[in-house]
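Since the structure comes first, as structure tokens, the remarks are kept for the end.
The values are calculated or read from the model by the stated rules, or taken from the named source; none is laboratory data. Note that the coordinates shown come from a computational prediction; the quantities given were computed from them, not determined experimentally. All Cβ positions, glycine included, derive from the backbone under ideal geometry; neighbour counts span all protein chains shown. Heavy atoms of the whole protein, side chains included, go into the accessibility calculation; ligands, DNA and RNA do not. Shrake-Rupley method; radii C 1.70, N 1.55, O 1.52, S 1.80 Å.
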Amino acid sequence: MLRFIVRRVAFSVLIVLGASAFVFGLSRAAGDPRLLYLTEYVTPEIWDQWGKAMGLDKPLVAQYFIWLSKAVRGDFGTSLRDQVNALTVIARRVPATAQLAAGAFTFALAVGIPLGVLSAVKRGSILDYIGRTFALLGQAMPAFWLGIMLVLLFAVQLDWLPSARRGGISHFILPSITLGWPTASGILRLVRSAMLEILDSEYIKFARAKGVSNALIVWKHALRNAIIAPLTFAGMMLAAFLTGAVVTETVFAWPGLGRLAVLSVFSNDFPVVTGIVMLFTVLYVIMNLFVDVAYAYIDPRIRYQ
Amino acid sequence: MTEEAVASSGVRTSMGRLVIRVFRFFRRWPVIPVLIVMMLVVAAVFAPWLAPHDPIAGDLAKRNIVPMWYAKGSSEYILGTDPQGRDIISRVIYGARISLLISAIVLGLGGILGTTLGLVSGYSGGMIDEVLMRFVDFTLGVPFILVALVVAVVFGNSLPIIIILLIVFSWNAFARQARAEALRIKTLDYVAQARVAGASQFRIMYKHLFPGVMDPIVVVATWRVGMLILTEATLSFLGVGVPEPTATWGSMVAGGRDYIAAAWWVCFFPGVAILLTVLAFNFLGDWLRDRLDPRLRQL
């Protein structure tokens, strides 16, 4: 097990390094970094002076390692838009995205699990059809369109909920649904198929024979096992929230990391862009690592592959 | 009286039987998804003949016209017009063209690339397998939308860039599937016999492994269409898709976003087009899986 973890951690570091080289290459491919700070009308002396100060006279590989050693210490440079350390800019946006992800996760669990259970227990009933339609829609609707349609219905037409920006609880409802629906669909499908299998198993039949009430069988005995399937996907779901945040935050003008990423990319704010991409990559990698190790812990066969 | 009752009940049961047969037919065959896909293909191929108006040139005097079923609408603009005075249905039809074109190219190239690498990886094993699979993990371990955003802004968003990005995003599913199948098939007796008979590695992969991986690959490809169309639309929505003024479903939604209170139809219809397309391909994928390879059900 230890060997497995060591190998996975080493590989994770490799992924982060690869991503960092890629991002660094991209930021250099975008043009001379001096152009972000200076115009082409400065004197050649100032131009060269900046080049020296930024280390541009060294070979590209050396530049990469200088950049990397700074990046490891959290220094991605100064944000062009805000004139402060890029990491500070990023850190300010983390709470908004974390809260939104929490809201979406709550929605996904609160809808996905009960609906999944009910659609398995009442298989073929109207509830089952509602559940399956919910799941199908969640995996086929483009998130940006869903968000806009929710705004159209609940903010513009009915005027029940705010359409954008952060605020009280009511501001969370529409963005959380937009971000959480696809995940809720995934949970619903997993819970439904796991429940169908489990409800057919020997220990459930035994519990029934013993005279345990139906509600207790479904919601305690069966659900306890059915819930393992979606839990193993929790890491992937959180990763999906990070990507989904880019779209959802754009639709709802939500002041989080996704919105910051879009704004920074379009304003060529490379210190912030590289910082966010690296942060997302590291989070992705950690989640995948966590899922892999959890899998290997549950299923010993994986360790020896 | 009784004869009448018997006769009418007979009619009722035969009617009922017909209904049941139609229902069963619809359950057995993916009629609606196939119809949707056929409509899309027809729309994409014959767009210039089907679209009633030019998808790009707008008439500002005719901006935000309501769909035809409103009192103020006209049958000239069936689904209304957008804020630039362009006909929505014409743009949706042309949007099908770009979505299907991208999906076809990406699936073709990505599918061939992924399947080939997966086959080689699974069959040869060892170092090649390790390196290739770690590379697949790498491409899966990077936040795609963000990277796509940066790449598209750095290199400028154009059709080739979008296609390359989407290939990078989609080949790995084929590689994983093909590898898993190759690992399974290469231990079968007939492959061992082919090897004993002196077949070359290339011949074994092409003649003996490839046909075996075909079915699951077709299923994966069908599922991928939906994801590709969603991803392409998302990139277009974020402003890094196929550049304006080409009509794409994603950019149509983005363009109508600021006008939803005044003109909901501008956003609504292109989104419905995306939804129906993705639903149709997901249904087809599920159906193909059940038909071709029930083992994939666990996915």
**Item:** Those residues of region A:131-151 which are open to solvent by 20 Å² or more (accessible area, probe 1.4 Å), farther than 9 Å from residue A:178 by Cβ and either facing chain B (nearest Cβ under 9 Å) or of a type outside the set (A, V, I, L, M, F, W, C) (or both), in sequence order
**Value:** A:132, A:133, A:136, A:137, A:139, A:141, A:149
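Identify, from the list B:278, B:266, B:242, the residue that is under 30 Å from residue B:26 (Cα atoms) and not charged (D, E, K, R).
Details: B:266 fails: under 30 Å from residue B:26 (Cα atoms); B:242 fails: under 30 Å from residue B:26 (Cα atoms).
Selected residue: B:278, the only one of B:278, B:266, B:242 that is under 30 Å from residue B:26 (Cα atoms) and not charged (D, E, K, R).
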**In region A:258-280, the residues that are surrounded by fewer than 24 Cβ atoms within 10 Å (Cβ to Cβ) and either aliphatic (A, V, I, L, M) or closer than 14 Å to residue A:97 by Cβ (or both)** = A:259, A:262, A:263, A:278, A:279
**Asked** With respect to residue A:233, is the statement that it is more than 24 Å from residue A:27 (Cα to Cα), of a type in the set (A, V, I, L, M, F, W, C) and crowded, with 18+ Cβ neighbours inside 10 Å true?
**Response** no
**Complete:** Note: among B:52, B:33, B:48, just one is part of a helix (DSSP H, G or I), over 25 Å from residue A:136 (Cα atoms) and open to solvent by less than 80 Å² (accessible area, probe 1.4 Å), namely B:48
**Prompt:** Among the listed residues B:286, B:290, B:215, which satisfies the condition of being in a helix (DSSP H, G or I) and within 12 Å of another protein chain (Cβ to nearest Cβ)?
**Reply:** B:286
**Asked** Do you know which of the residues in region A:6-29 that are open to solvent by 50 Å² or more (accessible area, probe 1.4 Å) and at pLDDT below 85 is nearest to the other protein chains (Cβ to nearest Cβ)?
**Response** A:29
**Members of region A:92-130 found to be within 21 Å of residue A:252 (Cβ to Cβ) and either surrounded by fewer than 16 Cβ atoms within 10 Å (Cβ to Cβ) or among the aromatic types (Phe, Trp, Tyr) (or both), listed by number** = A:92, A:94, A:95, A:98, A:102, A:105, A:106, A:107, A:110
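Residues of region B:123-133 being within 13 Å of another protein chain (Cβ to nearest Cβ) and surrounded by 15 or more Cβ atoms within 10 Å (Cβ to Cβ), which ones? Give the derivation first.
First pass over region B:123-133, keeping only residues within 13 Å of another protein chain (Cβ to nearest Cβ): B:125, B:129-131, B:133.
Selection gives B:129, B:133.
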**Asked** If you scan region A:70-114, which residues turn out to be modelled with pLDDT under 85 and among the aromatic types (Phe, Trp, Tyr)?
**Response** A:76
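Consider residue B:116 carefully, then state whether it is more than 14 Å from chain A (Cβ to nearest Cβ), open to solvent by less than 80 Å² (accessible area, probe 1.4 Å) and farther than 29 Å from residue B:166 by Cβ. Steps first, please.
Values: more than 14 Å from chain A (Cβ to nearest Cβ): yes; open to solvent by less than 80 Å² (accessible area, probe 1.4 Å): yes; farther than 29 Å from residue B:166 by Cβ: no.
Taking the combined requirement at face value, the residue does not satisfy it.
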**Request:** Among the numbered conditions (1) open to solvent by less than 30 Å² (accessible area, probe 1.4 Å); (2) aromatic (Phe, Trp, Tyr); (3) closer than 26 Å to residue B:166 by Cβ, tell me where residue B:94 comes up short.
**Result:** (1)
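Okay, residues lined up against (1) in contact with an Asp or Glu (Cβ under 6 Å, 6 or more places away or on another chain); (2) assigned to a helix (DSSP H, G or I); (3) more than 25 Å from residue A:191 (Cβ to Cβ):
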position	(1), (2), (3)
A:55	no, no, yes
A:65	no, yes, yes
A:81	yes, no, yes
A:90	no, yes, yes
A:93	no, yes, yes
A:96	no, yes, yes
A:106	no, yes, no
A:109	no, yes, no
A:117	no, yes, no
**Request:** Specify the residue that is surrounded by the fewest Cβ atoms within 10 Å (Cβ to Cβ); the eligible residues are those in region B:242-267 that are facing another protein chain (nearest Cβ under 7 Å) and not β-branched (Val, Ile, Thr).
**Result:** B:261
